[in-house]
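So the structure is just underneath, and the comments pick up after that.
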Amino acid sequence: MDATRRTWMIATGVASCVGTAATATAFLESMEPSNEAQVNGGPIPVDLSRLQPGHHIVLLWRGQPIWIVRRTPQMLATLKRTQDLVADPLSRNTQYPTPTWAQNAWRSIKPEYFVFIDICTHLGCAPIGRFTPGPQPGLPNDWLGGWLCPCHGSRYDMAARVFKNMPAPANMIVPDYEFLNDTKIMLGTHRL
């Protein structure tokens, strides 16, 4: 084989490899999530310093409504009274898993702050917070406070634990989060 032909064959082979690598790189990069998807799906910090006892904030994260409630001592006291009335008091249901650190009566890291995804486990509706105790339309006369799903009437206590004999099969979901300090959480991560 003459030297000129050999040079052209090597050049053609190198050019083919470079072209294939460039095409493969572009193809693989196109499969990565967009910047917007990365921002909407990644962990986010949430400042709780202005959240007063008895109040809540709602934010959208990963396309889901996240409630953060700062429970009062009275709200926390209702959890003992509803313990025997809810279907899964310690959130052990494996179909809708709860992080092990939230498998307690208050379903949170710190009892005062409660973080959960406000989606009914029955058909995906958004339950409404009904924190005022006492009789109200659609609620029993001995209502202690919690959430009511407007679609089919599932009721949840102040830890979003579903009451027995409701259409919803499980408690509402607690997402991963961790406290960065006393008044700030990182939603979407949890380190033990």
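Values in this text are rule-based calculations from the coordinates and carry no lab data. If you're wondering where the values come from, they're calculated on a predicted model, not measured in any experiment. Cβ atoms come from the backbone with ideal geometry, glycine included; neighbour counts cover every protein chain shown.
Using the Cβ-Cβ distance between TYR96 and THR12 with R0 set to 45 Å, the FRET efficiency from 1/(1 + (r/R0)^6) comes to roughly 0.15.
Summing Lys and Arg as +1 and Asp and Glu as -1 over all other residues whose Cβ lies under 14 Å from the Cβ of PRO89 gives a net charge of +3. Give the shape of segment 119-183 as rounded, prolate or oblate, defined through the alpha-carbon gyration tensor: a ≥ b ≥ c are the square roots of its eigenvalues, a/c under 1.5 means rounded, and otherwise the shape is prolate if a/b is larger than b/c and oblate if not. Here segment 119-183 falls in the oblate category.
Once the other residues with Cβ under 15 Å from the Cβ of GLY54 are scored (Lys, Arg +1; Asp, Glu -1), what is the net sum? Summing Lys and Arg as +1 and Asp and Glu as -1 gives +3.
Pairwise alpha-carbon distances in segment 72-180 exceed 16 Å for 53% of all pairs.
Neighbour counts of C-beta atoms inside 10 Å place ASP88, ASP47 in the sequence ASP47, ASP88, starting with the fewest. Residues whose amide H lies under 5 Å from that of ASP88, counting only those 5 or more places away or on a different chain, are VAL162; hydrogens are built 1.01 Å from N in the peptide plane. Between LEU59 and ASN165, the contour length at 0.36 nm per residue exceeds the alpha carbon distance by 35.2 nm. Taking amide H as placed 1.01 Å from N in the peptide plane, LYS184 has its amide H under 5 Å from the amide H of LEU48, each at least 5 places away in sequence or on another chain.
The protection proxy used here, the mean number of other Cβ atoms lying within 10 Å of each residue, ranks peptides 66-79, 140-153, 123-136 as follows, highest first: 66-79, 140-153, 123-136. Were the residues from GLN136 through LEU180 laid out at 0.36 nm apart, the gain over their Cα-Cα distance would be 12.0 nm. Normalised by the number of residues in segment 39-187, the average gap of Cα pairs under 8 Å and 6 or more apart makes the relative contact order 26 percent.
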